[in-house]
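The values are calculated or read from the model by the stated rules, or taken from the named source; none is laboratory data. This structure is a prediction, so every number in the text was calculated from the model and none was measured. Here the Cβ positions follow ideal geometry from the backbone for every residue, glycine too, while neighbour counts run over all protein chains shown. SASA here: full protein model, heavy atoms, side chains in, ligands and nucleic acids out. Shrake-Rupley method; radii C 1.70, N 1.55, O 1.52, S 1.80 Å.
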Amino acid sequence: MFTTIDWLRTKKADFNTASGIFAVFCKKYFVGTIILVILTTIFQVLWTLCFVVPGIIKSYSYSQTYYIYKDITDSGQDENLNFLDYITLSRSLMKGHKLDYFVLQLSFAGWFILSCIIPFGIGFIWYWPYYTTTKAVFYKDLSQDMFLREKNGYRQLLGK
């Protein structure tokens, strides 16, 4: 996921595939990503305990958290942010775009069934890179005109 967004922005195809797969395991991202996974999972489970639909809606709201974390960490502007701020920024970014994200994921249902379930999972070799790249393009399009490209623009959304 992190390598895909880097590739989309720089268009460099000279990265090593093996090191790109494990980019999240570097010291810069690993601990923060694990904490964000734990927090978003806890929040999604709690929302799902209320009812199933709010849990699904919140999962769409939190879907851009990791991309935002990577962007802000790479820009070096993360010194005053806690991990809940990344989740709040994802919710702000997805405001008004949850239906678009749902339709995007729904468009992959047929591909999933035809290429992954019917041939016993062998289709994941082609399906998963295509799916993650599409999600990264969705994030790139959302964040293109938003707060992440402006210096300290995310602080306005957080009220800091």
Quick one: SER115 ticks every box in (1) loosely packed, with under 12 Cβ neighbours inside 10 Å; (2) more than 17 Å from the chain's Cα centre (by Cα); (3) farther than 24 Å from SER143 by Cα; (4) of a type outside the set (D, E, K, R) except a single one, so which number is it? (1)
Report the residue count in region 46-74 for those that are polar (S, T, N, Q) and without any contact (Cβ under 8 Å) to a residue 24 or more places away in the chain. 2
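Just need a number here: residues in region 1-57 that are at pLDDT below 85 and open to solvent by 60 Å² or more (accessible area, probe 1.4 Å).
If we filter region 1-57 for residues that are at pLDDT below 85, which is where we start, we get 1-28.
Then keep just the ones that are open to solvent by 60 Å² or more (accessible area, probe 1.4 Å); that gives 1, 6-7, 9-17, 19, 21-22, 25, 27-28.
Total satisfying the criteria: 18.
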Scanning for something of a type in the set (Lys, Arg) and part of a helix (DSSP H, G or I), does region 50-64 turn up at least one residue? yes
Answer residue from region 113-143, given it is touching a Cys at 6+ places or on another chain (Cβ under 6 Å) and aromatic (Phe, Trp, Tyr) and is nearest to ASP100 (Cα to Cα) among those: TYR127
Matching residues in region 67-88 (modelled with pLDDT of 90 or more, open to solvent by 50 Å² or more (accessible area, probe 1.4 Å) and part of a helix (DSSP H, G or I)) number 2
Could you give every pair whose Cβ atoms fall below 9 Å, whose first residue belongs to region 23-45 and is assigned to a helix (DSSP H, G or I), and whose second residue is charged (D, E, K, R), counting only separations of at least 6 or pairs across chains? ALA23/ASP6; VAL24/LYS70; GLY32/ASP78; THR33/LYS70; THR40/LYS58; PHE43/LYS58; GLN44/LYS58
Are there helices (runs of 4 or more DSSP H) fully within region 108-160 with at least 2 residues that are at pLDDT 85 or above and of a type outside the set (Val, Ile, Thr)? List them. 109-112, 124-143
